[in-house]
1. State log₁₀ I(q)/I(0) for the chain at q = 0.15 Å⁻¹ as given by the Debye formula over alpha-carbon point scatterers of equal weight, solvent excluded.
2. Report in % the part of the accessible area of the chain that belongs to carbon and sulfur, leaving out ligands and nucleic acids; probe 1.4 Å.
3. Please work out how much length the chain gains when fully extended from ALA18 to ALA100, using 0.36 nm per residue of separation minus the C-alpha to C-alpha distance, in nm with one decimal.
4. Sum up the charges of everything whose Cβ sits under 12 Å from the Cβ of PRO214, counting Lys and Arg as +1 and Asp and Glu as -1, but leave PRO214 out.
5. Based on DSSP H runs of at least 4 residues, each adding -39500 (n - 2.57), what is the mean residue ellipticity at 222 nm of the chain after dividing by all its residues, to the nearest 500 deg cm²/dmol?
6. Using a 1.4 Å probe, what is the accessible area per residue for the chain, in Å²?
7. If you stretched the chain out fully between ALA224 and LEU207, how much longer would it get, using 0.36 nm times the residue separation minus the C-alpha to C-alpha distance?
8. Averaging the inverse of every distinct alpha carbon separation and then flipping it gives the Kirkwood radius. What is it for segment 97-212, in angstrom units?
Amino acid sequence: MTAPPLVALAAAAAFGAAAYGARALTAGGAVAGAALAWMLLAWGGAAWAAPALTFFVLSSALSRAGRRRKRSAEALAAKGDRRDAAQVAANGGVAAACLAVWAVWPAAPLYGAFVGAFAAAAADTWGTEIGTWAGGRTRRLGVGGRVPPGTSGGVSAAGTAGAAAGALSVALAAVPFAPALGGGAALAVAAAGLAGAFADTALGATLQARFRAPDGSLTERSTAAGRALPLAAGRRWLGNDGVNLACTLVGAALGALVVGGVG
């Protein structure tokens, strides 16, 4: 059941303000998050809001947990733990597009794509956060050279387990609202999300831009102290937001196949 547009607007504005106040989103991220929240409530209802909210709440909590242990990895990342508008679009844009199409053409695979996209976003976030917090042996693509925990393209046992748990949390949140995801279908959608995270890892290890910091280390940040850093690896045009978008596209495509096959 969807909410009346004005009620949805008030709830979405409250969500954006609360997320900004909790320092989970920047001002731009709060506006983008509120727009997505309005779509979920006005066009989708609880069946669409539950997986999205599960991703946002749990992933934001993980991003804020264990900050001291993750401080060194945060220096490598392109951005901090407050998501901006580009990050909201990268993680939720594909799902929002699925909902927008479903509003005029309600086909079951679109819901599978929506859940698969958020499952992939959760898998990527949980894998990074848990892998960074737990530490342990981290290798490029799981078989290459050792890299610091939290490095894009790095794979560890803890991070992989975290990624699987993240994808499963989103898929299970959708089950009470979607009979098509009952039984093993939810596990299949979670697997679709995990596949998206693996695609993210592959792109992070190969094509994602990495820059040479003044101290000689590699970082995803393209500038330091207001000065542009030289490109050390990857493609300058492919940053972390682009990789995250590709991650959700893979999760959405596979999620649509799963639900289409079930239906």
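1. Reported log10 I(q)/I(0), two decimals: -1.03.
2. Values: 8090 of 11830 Å².
The value for the chain is 68 percent carbon and sulfur by accessible area.
3. Numbers: separation 82, 0.36 × 82 = 29.52 nm, distance 2.47 nm.
Full-extension gain reported as 27.0 nm.
4. Values: positive: ARG212, ARG221, ARG227; negative: ASP215.
Computed value for this residue: +2.
5. Numbers: 9 runs with 167 residues, N = 263.
Calculated mean residue ellipticity at 222 nm is -21500 deg cm²/dmol.
6. Computed with neighbouring chains in place, this is 45 Å² per residue.
7. Details: separation 17, 0.36 × 17 = 6.12 nm, distance 2.14 nm.
Between ALA224 and LEU207, full extension yields an extra 4.0 nm.
8. On the way: mean 1/r = 0.0679 Å⁻¹.
Its Kirkwood hydrodynamic radius stands at 14.7 Å.
The values are calculated or read from the model by the stated rules, or taken from the named source; none is laboratory data. All values reported here derive from a predicted model rather than from experimental measurement. Note: ideal-geometry Cβ built from the backbone for every residue, glycine included; neighbour counts use all protein chains shown. When the accessible area is computed, the model is the full protein with side chains, heavy atoms only, and any ligands, DNA or RNA have been set aside. Shrake-Rupley method; radii C 1.70, N 1.55, O 1.52, S 1.80 Å.
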